[in-house]
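To start, the structure itself, in structure tokens.
The values are calculated or read from the model by the stated rules, or taken from the named source; none is laboratory data. All of these numbers come straight from a predicted model, not from anything done at the bench. For neighbour counting, all protein chains shown are included, and Cβ atoms are generated from backbone atoms with ideal geometry for every residue, glycine included.
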Amino acid sequence: MKIESNIYLLRVSIPIPALKVVNSYLIDTGDDLVIIDPGIGLPDSIKSLERQLDEYGYNIEDIRHIIITHLHVDHIGGAYYLQKVSGAEVYIHETEVQNINEIVMALDDTLTVYREVLESNGVPTEVIDMLATHHPGFVNRKIYSEIKYDNLLSDRDRIRVSNTTIETVWTPGHSRGHICLYLPKTRMLLSGDHILPSITPNIRIPLREDEDPLNEYFESLKKVGEKPIDIYLPGHGDPSKDIFNRVDELRRHHIERLLEVNRLVLKGGKTIYEMATKMDWDIDLPWKDFPLIQKFFAFSEAAAHVIYLYKRGYLSREMTDQVYLYRSIIEEEELRRRLEEDILL
Ligand SMILES: [Zn+2]
């Protein structure tokens, strides 16, 4: 679609194994070709990208700039190959590169980085051991190490490409260094995985005591809500005009999740892992048959919600046999009232 005189924005849908499709976006300014999130980088995905570029009249060598919304491999995986072939510069938020250096590159086959958090929250040793060698960060370390991260972005940076400007909006929550990209002239937001039209983005795992990723996510929703946006183009799914309703739905979804967590620990202490096994997920399988990585995402999501409640004094916590047990200390209706006050207003 033409977004300004001589500037075109095009969507390329790239097949990926788990979520089925990830969207890449091309911005063609006439002089410069930009790609945002070049997909997962598996051979089939690269072929699909090449074929679609060809249909639009481009090839990989034409790409000058590669902008990454966040470090997940379905978004960043293709960057290495594209950069190698085209010599394009890579742009990514500075926190995401810090994440890659301190967490992804530190992953080893013992899962050192996560082990303590997982163990102290009740994840069984056999699950941790299996996860150690299957975590996408561990499996794809080579991809991350071979990308040259040319341009480190921060919040509200302006990337100037020929005669147009792309603004960064730092939106942590789904990952620490997630960015959305805003095109001010056309009031478009490339929302990455921060706001998706038909699935609720996973909230990242809290790794340190001072982290509160769900709160980060709410702050990031607020930030996006302050911008005039006529249409958003997500990392998965179709473009949509109704961002404000979607933000409201996402906030309400998390309030229900927080209440669900509280209900699970009304009658006694549970670990975060136990809660994760009992929460209502959009996967039609019993917990024992969940794919391993889905167990990890479910645990991360549960942990983000539990920590949000605990930090606000809505859950109590005690350490028993080296695991944390959380317990409800507030009535459901009272909790609902307070959460709505904190999150919706
Ligand atoms: Zn993601």
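A few comments on the model shown:
- Residue within the range 44-58 that is in contact with a strand residue (DSSP E or B) (Cβ under 9 Å, 6 or more places away or on another chain), among the polar types (S, T, N, Q) and within 16 Å of the ligand (Cβ to nearest atom) present: yes
- Residue check for Ser145: out of contact with any helix residue (DSSP H, G or I) (no Cβ under 7 Å at 6 or more places or on another chain), more than 16 Å from the ligand (Cβ to nearest atom) and closer than 13 Å to Leu71 by Cβ: yes
- Listed by position, the strands (runs of 3 or more DSSP E) enclosed by the range 1-83 that each have at least 1 residues that are within 26 Å of the chain's Cα centre (by Cα) are 7-16, 20-28, 33-36, 63-67.
- Of residues in the range 61-81 being surrounded by fewer than 24 Cβ atoms within 10 Å (Cβ to Cβ) and away from the ligand (no atom under 15 Å from the Cβ), the one nearest to Leu183 (Cα to Cα): His65
- Applying the condition of being at pLDDT 95 or above and either of a type in the set (A, V, I, L, M) or within 12 Å of the ligand (Cβ to nearest atom) (or both) to the range 206-223 and asking which residue is surrounded by the fewest Cβ atoms within 10 Å (Cβ to Cβ) yields Leu221.
- Residue tally, condition under 15 Å from Ile66 (Cα atoms) and in contact with a helix residue (DSSP H, G or I) (Cβ under 9 Å, 6 or more places away or on another chain), over the range 12-27: 3
- Qualifying residue in the range 187-202 (condition: of a type in the set (Ser, Thr, Tyr) and more than 16 Å from the ligand (Cβ to nearest atom)): no
- Flag if Ser300 is under 21 Å from Leu196 (Cβ atoms) and of a type in the set (Ser, Thr, Tyr): yes
- Residues that are crowded, with 22+ Cβ neighbours inside 10 Å and without any contact (Cβ under 8 Å) to a residue 60 or more places away in the chain were ranked within the range 29-49; the one that is farthest from Ile159 (Cα to Cα) is Ser45.
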